[in-house]
Amino acid sequence: MQEFSRGIRKSSSSLGFVPTMGALHEGHLSLIRRAVAECQFVVASIFVNPLQFGPTEDFEKYPRTLEDDRSKLEVVGVSALFAPDTADMYPLGAVTTVTVAGLGDRLDGASRPGHFTGVATVVAKLLHTVGPHRAYFGQKDAVQLAVLRQMVRDLNFDVELVGCPIVRDADGLALSSRNRYLNVVERGQALVIRRCLLAIERSISAGVLEREILLADGLRVLREEPGVRVDYLEVVDAKTLLPVERVGAGNLVAVAVWVGTTRLIDNFLVGLKA
Ligand code: PAF
């Protein structure tokens, strides 16, 4: 992988990178299409990173669909697929990790201790290995993106991180590899997430800016589905991930819920269409 990238950079061509854990859906493909449109060469990676899963999380059952993914990547025109195995990424004796203090413990980081150390560590390793000029991430994982932007700034990575819009199914559910865990009933229940965010968006458009009121509006909607358990609903500064008392343009409204045994997340940036 390093030799391939070195060759591209030597030829002064632009190199884009889309890291994924596979089980590719239209959300991933939208990142890749954007990268293909903006860069001369594009590398996609597929690696289900054990370091970012907690001991009781879904690492074992996480969908692995390499052959199907490979065909999709060919169609959208990636130049190379990097699909290392665990021993390549974490050789015996590897002990160094990357922790983004503070940010990494907020929102999803609070619910999933150690998750963002796993994400930051693997993304740091992937960026070092692929050496792209630009790396593309989905805005659906807004907390991940904030953590990675901080890491890139703090550790002087010579890469531009590009955040790309959330892609949704026709009924509004944000695309996620984990949606495939949902049964038909749960799939219906999960739509409450979008209704919750739309209710908050409507309140903001009507001039309601106080965090407490907005969260109460959103929670009222989420409670319409007794099968859905709220992990968090927050209004935060999109960079620091700290709660804001009054919402302003560019702030992040983020939600995480459990639908049965599946944890789903969604969000929107205030003042920008989700
Ligand atoms: O967003 C993901 O799919 C993963 O967290 C990432 C960035 C590929 C790191 O494993």
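The values are calculated or read from the model by the stated rules, or taken from the named source; none is laboratory data. Nothing here was measured: the structure is a model prediction, and the numbers come from that model. Virtual Cβ from ideal backbone geometry, glycine too; neighbours counted across all protein chains shown. The area values use the complete protein model at the heavy-atom level, side chains included, leaving out ligands, DNA and RNA. Shrake-Rupley method; radii C 1.70, N 1.55, O 1.52, S 1.80 Å.
Give, in nm to one decimal, the length gained when the segment between A170 and S13 is fully stretched (0.36 nm per residue of separation minus the Cα-Cα distance).
Working: separation 157, 0.36 × 157 = 56.52 nm, distance 3.71 nm.
Result: 52.8 nm gained on full extension.
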Per residue, the convex hull enclosing the Cα atoms of the stretch 81-162 spans a volume in Å³ of 105 Å³
Identify the residues of the stretch 5-25 with backbone N under 17 Å of a label point that sits 7 angstrom from the Cα of E67 along the Cα-to-Cβ direction, or state none. 23-24
A216-T99 FRET efficiency (beta carbon distance; Förster radius 41 Å; 0.05 resolution): 0.75
What does the accessible area per residue of the stretch 66-108 come to in Å², with a 1.4 Å probe and no ligands, DNA or RNA counted? 61 Å²
Radius ratio Rg over Rh of the chain, counting only Cα atoms, Kirkwood formula for Rh: 0.96
Antiparallel as a % of all DSSP beta bridges within the chain, to the nearest 5? 55 percent
Can you give the angle from 0 to 90° between the axis of helix 26-38 and the longest principal axis of the chain, with both taken from C-alpha atoms, to the nearest 10? 50 degrees
Return the carbon/sulfur percentage of the accessible area of the chain, one whole number, probe 1.4 Å, all protein chains in place. 54 percent
Cα-based Debye curve of the stretch 1-114 sampled at q = 0.14, 0.17, 0.22, 0.23 Å⁻¹ gives log₁₀ I(q)/I(0) of -0.74, -1.02, -1.25, -1.27
From Cα pairs below 8 angstrom and at least 6 apart in sequence, can you work out the relative contact order of the chain, rounded to a whole percent? 16 percent
Calculated on alpha-carbon atoms, Rg and Dmax of the stretch 88-240 in Å: 17.9, 56
Helix axis angle, 211-222 relative to the chain longest principal axis, alpha carbon, degrees: 90 degrees
Given Cα pairs under 8 Å that are at least 6 residues apart, what percent is the relative contact order of the stretch 128-180? 39 percent
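Relative contact order of the stretch 146-274: what whole-number percent is it, with Cα pairs under 8 angstrom and at least 6 residues apart?
22 percent
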Between rounded, prolate and oblate, where does the stretch 218-274 land on the alpha carbon gyration tensor, with a ≥ b ≥ c its root eigenvalues, rounded for a/c under 1.5, else prolate if a/b exceeds b/c? prolate
Using unit Cβ charges (K, R positive; D, E negative) and no other charged atoms, how large, in debye to the nearest 20, is the dipole of the chain about its Cα centre? 380 debye
Could you let me know the centre-to-centre spacing of the stretch 4-30 and the stretch 245-260, using Cα atoms, in angstrom? 30 Å
